[in-house]
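Asker: Would you mind keeping the following structure in view while I ask a few things?
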Amino acid sequence: MSVSVQQADFDVGAEMAALSAGRDDVGAVASFVGLVRADKAAAADAGVAPAVQAMTLEHYPGMTEKALQEIVDQAERRWDVFGIRVIHRVGRLLPGDRIVMVAVASAHRGEAFVACEFIMDYLKTRAPFWKKEETPEGGRWVDARESDEHAAGRWDSGPN
Amino acid sequence: MSVSVQQADFDVGAEMAALSAGRDDVGAVASFVGLVRADKAAAADAGVAPAVQAMTLEHYPGMTEKALQEIVDQAERRWDVFGIRVIHRVGRLLPGDRIVMVAVASAHRGEAFVACEFIMDYLKTRAPFWKKEETPEGGRWVDARESDEHAAGRWDSGPN
Amino acid sequence: MNVRVLFFAGLREALGTGSESLALPDGIATVGALRDHLAARGESWSALATTKNLRSAVNQLMVAADATVKEGDEVAFFPPVTGG
Amino acid sequence: MNVRVLFFAGLREALGTGSESLALPDGIATVGALRDHLAARGESWSALATTKNLRSAVNQLMVAADATVKEGDEVAFFPPVTGG
């Protein structure tokens, strides 16, 4: 199972190790972990974004898993990778908690890095998850970021 | 201690977790693990490279640690990152064994990914390590790869 | 024509419901027409017209407003995604 | 002038030694001159002249062949690095 949506935390070291376990052709495993930020710096700097006390992640059961699998399939078509693991948490999380992990195994580091970044960029813009932050001023749904659309867009010109 | 050269294996999950432990401003941890490949595919395809049965990593005690620290310092000057961990093993390793890990914590994924790739590229070309492979035909010192020089060169035009 | 409609995130909260099964009147054959039909209920349903960059999916695949809706389809409306 | 010289990897094996302390004759003031001096010993020492893209370091900093060598320096010669 390369894609999971779950409430439970995950063990990124174990997931990375599983991608190369029992084989001797994996030379590179790149990974990414996203975590909940309190955003206190932004709050203090701008005076607009109150600190995040917690975050609730909503998803679209069924479609979310399919969308993630489609992103993984695309990465496997575009680059020569041996294995991919994606885990995204849902439910209520606190600052410092892990939200998402992506790990990619390949023979060489170039493919592993690029596929890992691609998956994160597409996940951010194409997988149905929504974040609601709890702040001292109440709850607020996180707005989609232009920079994420931009990051995802840079992959469009490449081979599909 | 952000840089270690050691015989012992490492726990990449624990190292990644340590970079965000006790803080709530880390939104992204990118990591890379390099492993010993048996290179059987290359051996079979080309008939030139016999399969690797083991590998011994030599280093220059003192200089190696300094070179790694200098690479980490450069990454910290170039990108807005919160923490970096580099561990490189030395001694005799078998196919499937971990050789090196780099983990970078930042607020956002862009900086974490790019700093992690930069460190790997510079490590490959600027840190004094040497690999000797054991094959059925005897030992052979690994040649430096043009592609690694090329990968490292792409960072030269950026800010230093 | 009978369809199941789903709403997520801020839109779900604005509408006060996450899903609905409904029989569509004749002439509603696209996702955009379904959206307009629901928005025309007024009150909180106008959120379907005012939500910025509203996204839609048919049978769990992201689609544009001109996508066809058929008997038995699952149609979802939601704001731009913000996972990861 | 007294210096300590180190050799690594394939070069170390070719020379049959990893380090040496030696007193340099007058006139040897650069890394390149030291390399030529050692290579001129002949036999296996010619590896210092023939190793492709030989690298050098003075006091654990990578340097070019024209770098100065001073009393007490640690000078290292080695093939291109292949870690990671």
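Asker: Answer yes if at least one residue in region A:25-42 is closer than 26 Å to residue B:35 by Cα and touching a Cys at 6+ places or on another chain (Cβ under 6 Å), and no otherwise.
Answerer: yes
Asker: Answer yes if at least one residue in region C:63-71 is in a helix (DSSP H, G or I), among the polar types (S, T, N, Q) and in contact (Cβ under 8 Å) with a residue 12 or more places away in the chain, and no otherwise.
Answerer: Looking through region C:63-71, none of the residues is in a helix (DSSP H, G or I), among the polar types (S, T, N, Q) and in contact (Cβ under 8 Å) with a residue 12 or more places away in the chain.
Asker: Mind checking which residues of region A:38-92 are touching a Pro at 6+ places or on another chain (Cβ under 8 Å), at pLDDT below 95 and in a loop (DSSP other than H, G, I, E, B)?
Answerer: A:38, A:50, A:51, A:52, A:53
Asker: Sticking with this structure for a sec: Could you count how many residues in region A:95-125 are under 19 Å from residue A:150 (Cβ atoms), out of contact with any strand residue (DSSP E or B) (no Cβ under 6 Å at 6 or more places or on another chain), facing another protein chain (nearest Cβ under 7 Å) and of a type outside the set (Asp, Glu)?
Answerer: Final tally of qualifying residues: 3.
Asker: Any idea which of (1) among the small types (Gly, Ala, Ser); (2) in contact (Cβ under 8 Å) with a residue 40 or more places away in the chain; (3) in a strand (DSSP E or B) is the one residue C:57 doesn't satisfy?
Answerer: Condition (2) is where residue C:57 drops out.
Asker: If you take the residues of region C:69-84 that are within 14 Å of chain A (Cβ to nearest Cβ) and of a type in the set (A, V, I, L, M, F, W, C), which of them is farthest from the chain's Cα centre (by Cα)?
Answerer: Restricting to residues being within 14 Å of chain A (Cβ to nearest Cβ) and of a type in the set (A, V, I, L, M, F, W, C), the top hit is C:81.
Asker: Only one residue in A:133, A:149, A:111 is among the acidic types (Asp, Glu), assigned to a helix (DSSP H, G or I) and touching a residue at least 40 places away in the same chain (Cβ under 8 Å). Which one?
Answerer: Step by step, each of A:133, A:149, A:111 is checked, and only A:111 is among the acidic types (Asp, Glu), assigned to a helix (DSSP H, G or I) and touching a residue at least 40 places away in the same chain (Cβ under 8 Å).
Asker: Mind checking which residues of region A:126-153 are over 17 Å from residue A:65 (Cβ atoms) and in contact with a helix residue (DSSP H, G or I) (Cβ under 7 Å, 6 or more places away or on another chain)?
Answerer: A:141, A:148, A:149, A:151, A:152
Asker: Let me ask something else. So, in region C:19-64, how many residues would count as being out of contact with any strand residue (DSSP E or B) (no Cβ under 6 Å at 6 or more places or on another chain), small (Gly, Ala, Ser) and closer than 18 Å to residue A:63 by Cα?
Answerer: 1
Asker: For the subset of region C:48-68 comprising residues that are away from every other protein chain (no Cβ under 12 Å) and within 11 Å of the chain's Cα centre (by Cα), which member is nearest to residue A:31 (Cα to Cα)?
Answerer: Per the criteria, the residue is C:65.
The values are calculated or read from the model by the stated rules, or taken from the named source; none is laboratory data. Values in this document were obtained by computation on a predicted structure and should not be read as measured data. When we count neighbours, we look across all protein chains shown, and the Cβ atoms used for this are built from the backbone with ideal geometry, even at glycine.
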